[in-house]
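> Below you will find the structure I want to go over with you.
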Amino acid sequence: TSAPPWVIQSLFVIVGVGFVFALIFSWLYELTPEGVMKESEVPRERSITYHTAKKLDYLTIALLLGAVAYLVVDRYVLEAPVATNPSVVEGVPAGTSGAVTADTATSTTAVPASPTAEPNSIAVLPFSDLSEAGDQAYFSDGIAEELLNLLVRVEGLKVASRTSSFAYKGESRSIPEIAAELKVANILEGSVRKAGNRVRITAQLIDTRNDRHLWSETYDRDLVDIFAIQDEIATAIVSALKDQLGVQATSEAIVVEAATDNLDAYDLYLKGRTLFTARQNLDVAISLFEQAIALDPNYARAWEGLAAAHSVADDWLTGDGIDHVPLAVKAAQRATELDPELSMPYAVLGNSSVVIGAATGVPDLAEGLRMLDLAIQKDPNNTTAWLWRGIIHDMLGFFDRALADYAECLRLDPSYLNCAQHRAATLLFRGDTDAAMTAFIPTLYENFHSTDEAFIAPLVEQGNSLTALLLATARLNAPYAPVGEWIRALEHPEQDHRAGLARFDRWAAEYHNNYAVDFPDVLLAFGDYERAVQSPSMRVSMWGPGAKAFRQTPWFKQWLHDNGVEDYWRKHGFPPSCQVINERDYACD
């Protein structure tokens, strides 16, 4: 072991004080053959200062070299952690995440693993891109995500979600810190170096509870073997977990069927999936998926990616003039034809059924729920399917069912902000205002996203108009938005607010042409129900506190009839918030 800190500190103090005295002494006195004499009394021709200075130079250099050697031994030899396998990720010290920068990486012994972590639990961190140009992050992330998806299949192994584990990309966190926050006992990290048609993938599995390398390996392969490499790595990890931790796998080897024989199509697919996951440049993501399909028309996962991107494009690519939902349905149907075991295409079909039905006729919400049930059956870890099914349950007024869906979504992925915000809104719809506020406020630290406008009316009711005003300003997010008119309409619903609505219309004509579609809560506050019911967002807004008056009007029942809600209720039962009056009529709170 290394010397105690107090020894080193004392040594430096003694040397420092001695150096000061030696400097003063050498300035005033000189060592001569006759003994020590004052420097001023020694004749210049008899002085040996030059010779003693040279000796002191040599002595000083020797001492400095000795000090450097001691520090090197103390830092890199005496404190080196003992590992069962000395192999490390290329360019990344053992015990540090690929996301950790070189100047902030710390030993894995710094923080103990979470005491709540299950022994058979693992997180897959994004792999480091060590390619010469540094432009292969999408590829290294894709490899890590593929391995995560393979490990999810292993019975008895708890795998942290992609959203949770990839959130640490680029952050300066040690492995133990990440493991503690994710509540996992094991971490898989690695790196990818891609050059031409060759790839080197290095991976290591770390037991964070005792800083032990369970397994580490480097794979140098031609890119034509990319799926075989995934087989090898996943199988090796499962074998290590089985031998070391007793994980019960359904089989000794994990088999990955080659999704495509076209490497260029696979590369395009990974690029598109990276953009889709980040919800960035969805138009580019759609183009990349289409290019992958052009290279391999039977590439089912590229069709799946195209369906998923189109399914959210209307929310993220406003004003591009494209009706994305029919395109999403077409791509999803093709994906299920090519690979019926995929999950996401069924989720897209289920979620799209609401919009497609509203455009072409009365939506079959029962069929939409059946598709989402099938998506969850195909992949119980598909958090998006749980979210979308919860939103349809919300639309139908079955808030307890929606809360159960959101709870499962957040259990699988605690960092899924969309699920957290929809859950908070559902608590509000159910009448649990205090619980809803408690759940909603923490999401504001992340961003304004899904359902924040639903909270503006209850804030006004609580007398917190200033907070409501700030939230409304952030929600409209455009210059000169007359949010004050919106708040005043909520504060005084009994007054005539036609002038305020006209001001909103003038503002929208210049800055936000789609506000009537995007913000039905504004129109509900002004009582403009005829335009409010034209918004697809009404399926959530209609249950908010700001829609109480709207729910007592014929417009509400007309919307329910046109969007298949009434038909579903009559076949499958009414929600607790609605009461049947007779065979033809009902009322909702």
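The values are calculated or read from the model by the stated rules, or taken from the named source; none is laboratory data. Please read these numbers as outputs of a predicted model, since none were measured by experiment. Quick reminder, even Gly has a Cβ in these numbers, built from the backbone with ideal geometry, and neighbours come from all protein chains shown. Accessible surface is based on the protein model in full, side chains and every heavy atom, while ligands, DNA and RNA are left aside. Shrake-Rupley method; radii C 1.70, N 1.55, O 1.52, S 1.80 Å.
> Looking at the structure I just gave you, is Glu446 at pLDDT below 85 and open to solvent by 60 Å² or more (accessible area, probe 1.4 Å)?
yes
> Would you mind stating whether Ala472 is modelled with pLDDT under 90, buried (at least 21 other Cβ atoms within 10 Å of the Cβ) and out of contact with any Gly (no Cβ under 7 Å at 6 or more places or on another chain)?
Considered against the rule, which asks whether it is modelled with pLDDT under 90, buried (at least 21 other Cβ atoms within 10 Å of the Cβ) and out of contact with any Gly (no Cβ under 7 Å at 6 or more places or on another chain), Ala472 comes out as yes.
> A further question on this structure: Exactly one of these conditions fails for Ala587: (1) part of a strand (DSSP E or B); (2) within 20 Å of Ser537 (Cα to Cα). Give me its number.
All conditions pass for Ala587, except number (2).
> Of all residues in the range 434-464, which are free of Cβ contacts under 8 Å to residues at least 60 places away in the same chain, closer than 28 Å to Ser577 by Cα and polar (S, T, N, Q)?
The answer is Thr438, Thr443, Ser450, Gln462, Asn464.
> Continuing with this model, one more query. Among the residues of the range 534-556, which ones are charged (D, E, K, R), in a helix (DSSP H, G or I) and more than 20 Å from Ala366 (Cβ to Cβ)?
Arg551 - this is the single residue of the range 534-556 that is charged (D, E, K, R), in a helix (DSSP H, G or I) and more than 20 Å from Ala366 (Cβ to Cβ).
> Could you give every pair whose Cβ atoms fall below 8 Å, whose first residue belongs to the range 375-402 and is open to solvent by 40 Å² or more (accessible area, probe 1.4 Å), and whose second residue is of a type in the set (Ser, Thr, Tyr) and assigned to a helix (DSSP H, G or I), counting only separations of at least 6 or pairs across chains?
Qualifying pairs under 8 Å: Lys378/Tyr346.
> Checking the structure you have, find out if any residue of the range 188-204 is buried (at least 22 other Cβ atoms within 10 Å of the Cβ), more than 20 Å from the chain's Cα centre (by Cα), modelled with pLDDT under 80 and of a type outside the set (Lys, Arg). Working first, answer last.
Initial filter on the range 188-204 (buried (at least 22 other Cβ atoms within 10 Å of the Cβ)): 188-192, 199, 201-204.
Right, trim to more than 20 Å from the chain's Cα centre (by Cα) and you get 192, 199, 201-204.
Narrowing further to those that are modelled with pLDDT under 80: none.
Looking through the range 188-204, none of the residues is buried (at least 22 other Cβ atoms within 10 Å of the Cβ), more than 20 Å from the chain's Cα centre (by Cα), modelled with pLDDT under 80 and of a type outside the set (Lys, Arg).
> Look through Val284, Val256 and report the one residue that is among the β-branched types (Val, Ile, Thr) and at pLDDT below 80.
Of Val284, Val256, the one residue that is among the β-branched types (Val, Ile, Thr) and at pLDDT below 80 is Val256.
> Continuing with this model, one more query. Only one of (1) under 30 Å from Arg551 (Cα atoms); (2) assigned to a helix (DSSP H, G or I); (3) out of contact with any Gly (no Cβ under 8 Å at 6 or more places or on another chain) is not met by Gly397, so which one is it?
Failed condition: (2).
> Of these, Leu327, Leu342, which one is outside any helix (DSSP H, G or I), more than 23 Å from Leu417 (Cα to Cα) and either of a type outside the set (Phe, Trp, Tyr) or out of contact with any helix residue (DSSP H, G or I) (no Cβ under 6 Å at 6 or more places or on another chain) (or both)?
Testing whether each residue is outside any helix (DSSP H, G or I), more than 23 Å from Leu417 (Cα to Cα) and either of a type outside the set (Phe, Trp, Tyr) or out of contact with any helix residue (DSSP H, G or I) (no Cβ under 6 Å at 6 or more places or on another chain) (or both) leaves just Leu342.
> Which numbered condition in (1) closer than 30 Å to Arg153 by Cβ; (2) at pLDDT 90 or above is the only one that Tyr416 fails?
Condition not satisfied by Tyr416: (2).
> Could you check the range 543-576 and list, in sequence order, the residues that are among the small types (Gly, Ala, Ser) and surrounded by 22 or more Cβ atoms within 10 Å (Cβ to Cβ)?
Gly544, Gly546, Ala547, Gly564
> Another question about this same structure. If you go through the range 522-532 one residue at a time, do you hit one that is among the β-branched types (Val, Ile, Thr) and open to solvent by 10 Å² or more (accessible area, probe 1.4 Å)? Steps first, answer last, please.
To start, the set of residues in the range 522-532 that are among the β-branched types (Val, Ile, Thr) comprises 522.
When the remaining residues are screened for being open to solvent by 10 Å² or more (accessible area, probe 1.4 Å), the result is none.
No, because not a single residue in the range 522-532 is among the β-branched types (Val, Ile, Thr) and open to solvent by 10 Å² or more (accessible area, probe 1.4 Å).
> In this structure, does Leu490 turn out to be touching a residue at least 40 places away in the same chain (Cβ under 8 Å) and either surrounded by 14 or more Cβ atoms within 10 Å (Cβ to Cβ) or assigned to a helix (DSSP H, G or I) (or both)?
Criteria met by Leu490.
> Now for a different question. Among (1) at pLDDT 90 or above; (2) open to solvent by less than 30 Å² (accessible area, probe 1.4 Å), there is one condition Asp452 misses while meeting the rest; what is its number?
(1)
> Any residue in the range 459-481 that is part of a helix (DSSP H, G or I), within 23 Å of Arg401 (Cβ to Cβ) and either touching an Asp or Glu at 6+ places or on another chain (Cβ under 7 Å) or aromatic (Phe, Trp, Tyr) (or both)?
No, the range 459-481 contains no residue that is part of a helix (DSSP H, G or I), within 23 Å of Arg401 (Cβ to Cβ) and either touching an Asp or Glu at 6+ places or on another chain (Cβ under 7 Å) or aromatic (Phe, Trp, Tyr) (or both).
> Criterion first (more than 38 Å from the chain's Cα centre (by Cα) and open to solvent by less than 70 Å² (accessible area, probe 1.4 Å)) does Tyr586 satisfy it?
Yes, satisfied.
> Let me ask something else. Which condition number in (1) under 27 Å from Asn262 (Cβ atoms); (2) at pLDDT 85 or above; (3) out of contact with any Asp or Glu (no Cβ under 6 Å at 6 or more places or on another chain); (4) in a helix (DSSP H, G or I) is the one that Pro176 fails?
(1)
> I would also like to ask the following. Residues to consider are Pro340, Pro345; find the one that is more than 27 Å from Asp394 (Cα to Cα) and in contact with a Lys or Arg (Cβ under 9 Å, 6 or more places away or on another chain).
Pro340
> Which one is farthest from the chain's Cα centre (by Cα) among residues in the range 115-169 that are under 22 Å from Ala180 (Cβ atoms), polar (S, T, N, Q) and open to solvent by 50 Å² or more (accessible area, probe 1.4 Å)?
Per the stated criteria, the residue is Thr116.
> Need the failing condition index for Gly484 against (1) under 33 Å from the mean Cα position of the chain (by Cα); (2) surrounded by fewer than 21 Cβ atoms within 10 Å (Cβ to Cβ), just the number.
(1)
> Tell me, please, whether a residue that is modelled with pLDDT under 90, within 30 Å of Tyr346 (Cα to Cα) and touching a Phe, Trp or Tyr at 6+ places or on another chain (Cβ under 7 Å) can be found in the range 389-411.
No, every residue in the range 389-411 fails to be modelled with pLDDT under 90, within 30 Å of Tyr346 (Cα to Cα) and touching a Phe, Trp or Tyr at 6+ places or on another chain (Cβ under 7 Å).
> Another question, then. For the range 170-184, what are the residues that are in contact with a strand residue (DSSP E or B) (Cβ under 8 Å, 6 or more places away or on another chain) and either closer than 23 Å to Leu270 by Cβ or surrounded by fewer than 22 Cβ atoms within 10 Å (Cβ to Cβ) (or both)?
Ser174, Lys183
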